[in-house]
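What follows is calculated from the coordinates using simple rules that are stated; it is not laboratory data. In this text, all values refer to a predicted model and were calculated from it rather than measured experimentally. All Cβ positions, glycine included, derive from the backbone under ideal geometry; neighbour counts span all protein chains shown.
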Amino acid sequence: MPTRPILEMTMPETRPNLVSPPTLDSPVDVDTLRGTAAGRGRLLVDYGIWAASYFAPHSLSRPVDWTANPTGNRSWAFLLHSFSFVPDLLAHDAALGGTRGRDLSWALMTDWWAAHGDLCAEPPMAWHDHATALRAHNWMLVAQRLREDAPSTGADGDDAPHALPQDTWHAMAARHAEALADPARYSRGTNHGFDQSMVLYELAADAAFDAVPELRGTWGDVAVARIAHEIGTAFGADHGHRENSVLYHEFGLIQLLRVQALRTRLAEVAGLPPLSDQAALIDRATLVMAHMIGPDTTFPLIGDTVRKTPSDIFRTHPLPPSYPAYDFARTGGERGAAPGDRGLVCRETGWFAMRSDWGDGLAVSLLGRCGYRSPYHRQDDDQSFTLKGWAEDWIIDGGLLSYEEKTPMRRYMRSWKAHSLSAPTGVEAARDLDATGAAARITTVVQRPKRLVLGTASRLFGDYVTTRDFEIARQKPEDGRLSVVLTDTLIPGTDAALASRMALRAKGAATYVTRFLLPDDKRIAIDAAEAEVRIAGTRATLVLSIQAAVPPGDIRVLRAVPETDPEGPDAWRSRVFGEAEPAQVLEIAHTTLALQARYELRFEPV
């Protein structure tokens, strides 16, 4: 079954995308040009074509209708109002010379300012919390280029200015600083709020406010206090990120690097309060990042994550002591040095990882989490895990897909069904952070060089007390590399929950199910009599043995169910933003009033 595009505007992968605007004599190879920042800038400068990340190209020539959204996707509108194309326009000038990219940037800035500079409520993305911060940052890049390129004697209103129009820029910068400083617009305790705070600090340092020290000091003080709060909220004392995602741990680390760069770059700005040093946290969060990366050098799809090999985020920053471990993980051992430990546990934020070895791409690795500390990018995945090994995926997660929260497929990707969990049948996951967040935790840890044992607990299903114990160890014989034993319990915690299980059992229906989300390429053989399942890959077979006080009921494989199904989609994953691909679910049914089951996973090399 082919990959199913969710965003109709995604780019084809197998042939060039040729766009022929009416003013052109010959087609433009958009796919070639969009491969570099300078090329994307050329598309805009020469052809009025914007190739936004993850979307097909669209016209973006003056006059721009800032309320339009030809894709119908909020992420496209977010990128538009963030002015995410500015770095590409400036890269065009750096690569090809001249100032056409700079001048177009300024012209679009003044156009947008004329339409939306009054803090309007429509369109929603115009003054969106995060879009406002990113737009201000990109506009500062243009302002700085104008300052550097010519003396500051340009006239306001020029479409192609030769210097920065001071009055216009001062108004732009002040309005954005006011919006970012406004407590009602501040997204406190989120990655959005983190960016808002950093950009407010940058704006306070801008030369536009050299003559207004009271504004600089006020905004600077607000920004410094908020940045300190955001860092403490984003990262736990164990140096893991709280926003429930591998991708957002990386994003949080990038934000820390930006704070450190601002601390250095703006240290001499008069009247600007200093930022605190984050070198120690950067070092420790980098080591956590190294353990999150799989043996295939990609991110496991836990939380709102896409499949990617991380780029070197330190290429323009000082290297922390843990950088060799990070570089080793992201290059598959081609560079750097292996981390000293095979396992890592972040007990507060809920992350845990274990590898058979750091030797090669065939190593087996497990990454899991059990911690509900933030509602941002939250999925119903406490106690879920992914398993990679033998250069293949085995146990997988649903992934991000998109930020279109109301679509059936996005709702599925966030739900417990897109993860490998045990659950009471007919019960939805609880998403109240105040009511259930504290219950999601790692309860016990025993860590040895070749063995990791940990207990986890959650109230993911509200009235049910849920535990899952992990025993992860080097497999014997060691040619299997790594074995995993899961012990799952689900106990009704209220009379109503118990009554519902009794009613299901009286009907002969399943009371609980354990589900494992598997890639579509695996061949599955079920031996119900022996309570054993063999999952065959290319280089190995994963053998799952099931033990329970009462033998399990039905064991079945569920193939991809489309979103048009009355019950909604099932058995999908998303490795690429905007695209869903078929997966399969191994589902094990139980008929007991409380669940207690043991699952042993071990590899047999082919």
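Arranged from highest to lowest average of other beta-carbon atoms within 10 Å per residue, in what order do the peptides 36-42, 478-484 appear? Intermediate results must be reported in sequence, preceding the final value.
Values: 36-42: 20.6, 478-484: 18.9.
Highest-to-lowest ranking by the protection proxy: 36-42, 478-484.
If you rank 387, 119 by fewest surrounding Cβ atoms within 10 Å, what's the result?
119, 387
Could you give the dipole magnitude of the stretch 322-424 about its Cα centre, charging the beta-carbon of Lys and Arg +1 and that of Asp and Glu -1, in debye to the nearest 20?
My answer is approximately 360 debye.
By per-residue mean of other Cβ atoms within 10 Å, what is the highest-first order of 410-419, 504-513?
410-419, 504-513
Please work out whether the stretch 368-526 counts as rounded, prolate or oblate from its C-alpha gyration tensor, where a ≥ b ≥ c are the square roots of the eigenvalues and a/c under 1.5 means rounded, while otherwise a/b larger than b/c means prolate and anything else oblate?
rounded
Work out the charge dipole of the stretch 341-605 with +1 on the Cβ of Lys and Arg and -1 on the Cβ of Asp and Glu about the Cα centre, then indicate which of 576, 384, 519 is farthest towards its positive end.
Looking along the dipole axis, the top candidate is 384.
Residues with amide H under 5 Å of residue 430's amide H, sequence separation 5 or more or different chain, H placed in the peptide plane at 1.01 Å from N; which?
Long-range HN contacts for residue 430: 461, 462.
Evaluate the relative contact order of the stretch 341-605 (contact order divided by residue number), counting alpha-carbon pairs under 8 angstrom at least 6 apart; express in whole percent.
Relative contact order, the stretch 341-605: 19 percent.
With only alpha-carbon pairs counted, each pair once and no self-pairs, how large is the Kirkwood hydrodynamic radius of the stretch 524-606 in angstroms?
Values: mean 1/r = 0.0680 Å⁻¹.
Computed over Cα pairs of the stretch 524-606, the Kirkwood hydrodynamic radius comes out at 14.7 Å.
Using the charge dipole of the chain (Lys, Arg: +1 at Cβ; Asp, Glu: -1 at Cβ; taken about the Cα centre), state which of 489, 293, 314 has its Cα farthest towards the positive end.
489
What is the pair-distance distribution P(r) of the stretch 197-332, computed from all Cα-Cα distances in 10 Å bins starting at 0, with each bin given as a whole percent?
With a bin width of 10 Å, the distribution comes to 12, 38, 29, 16, 5, 0.
Could you please report the charge total around residue 307, scoring K, R as +1 and D, E as -1 over all other residues with beta-carbon less than 12 angstrom from its beta-carbon?
Values: positive: 308, 388, 573, 575; negative: 296, 393, 397, 579, 581.
Surrounding charge for residue 307 is -1.
Dipole magnitude of the stretch 197-332 about its Cα centre, charges +1 at Lys/Arg Cβ and -1 at Asp/Glu Cβ only, in debye to the nearest 20?
Here the stretch 197-332 has a charge dipole of around 260 debye.
Based on alpha-carbon centroids, what's the gap between the stretch 49-128 and the stretch 389-422 in Å, whole number please?
32 Å
What angle, in degrees between 0 and 90 and rounded to the nearest 10, separates the Cα long axis of helix 129-149 from the longest principal axis of the Cα atoms of the chain?
That helix lies at roughly 40 degrees to the long axis.
Given a cut-off of 33 Å, what percent of all Cα-Cα pairs of the chain lie beyond it?
When every Cα pair of the chain is considered, 50 percent fall beyond 33 Å.
Let a ≥ b ≥ c be the square roots of the eigenvalues of the Cα gyration tensor of the stretch 451-606; is it rounded (a/c under 1.5), or, if not, prolate (a/b larger than b/c) or oblate?
Because a/c hits 1.5 or more and a/b fails to exceed b/c, the stretch 451-606 counts as oblate.
Residue 511's amide H: which non-local residues (gap 5+, or another chain) put their own amide H closer than 5 Å, with H modeled 1.01 Å from N in plane and none for Pro or chain starts?
590, 591, 592
Which lysines does residue 507 reach when only Cα atoms under 30 Å apart count, and residues fewer than 8 places away in its own chain are ignored?
Straight-line reach from residue 507, under 30 Å: 417.
Compute, for the chain, the length of the dipole vector about the Cα centre, with Cβ point charges of +1 (Lys, Arg) and -1 (Asp, Glu) only. Units Debye, rounded to 20.
Dipole about the Cα centre, nearest 20: 1740 debye.
Which residues' amide hydrogens lie under 5 Å from the amide hydrogen of residue 580, considering only partners 5 or more residues apart or on another chain, with H built in the peptide plane?
4, 6
Kindly write out, for the stretch 592-601 in residue order, the coupling ³J(HN,Hα) from the Karplus curve 6.51 cos²θ - 1.76 cosθ + 1.60 (θ = phi - 60°), rounded to whole Hz, with x marking Gly and Pro.
8, 6, 10, 9, 9, 9, 10, 10, 10, 10
Among 169, 231, 218, whose Cα sits farthest toward the positive end of the charge dipole of the stretch 157-249 (+1 at Cβ of Lys/Arg, -1 at Cβ of Asp/Glu, about the Cα centre)?
Most positive-ward Cα: 231.
Shape of the stretch 341-605 from its Cα gyration tensor (a ≥ b ≥ c, root eigenvalues): rounded if a/c is under 1.5, otherwise prolate when a/b > b/c, or oblate?
rounded
Let me check against my output: what whole-number percent is the relative contact order of the chain, with C-alpha pairs under 8 Å and at least 6 apart?
Dividing the mean separation by the residue count of the chain yields 10 percent.
Using the Karplus equation 6.51 cos²θ - 1.76 cosθ + 1.60 (θ = phi - 60°), what ³J(HN,Hα) coupling, rounded to whole Hz, does each residue of the stretch 422-437 give in order, writing x for Gly and Pro?
Values, residue by residue: 9, 8, x, 5, x, 10, 7, 5, 8, 10, 7, 4, 5, 7, 10, x Hz.
Counting residues in the stretch 424-481 as N, plug N into 2.2 N^0.38 Å and put the Cα Rg over that result.
After normalising by residue count via 2.2 N^0.38 Å, the value is 1.50.
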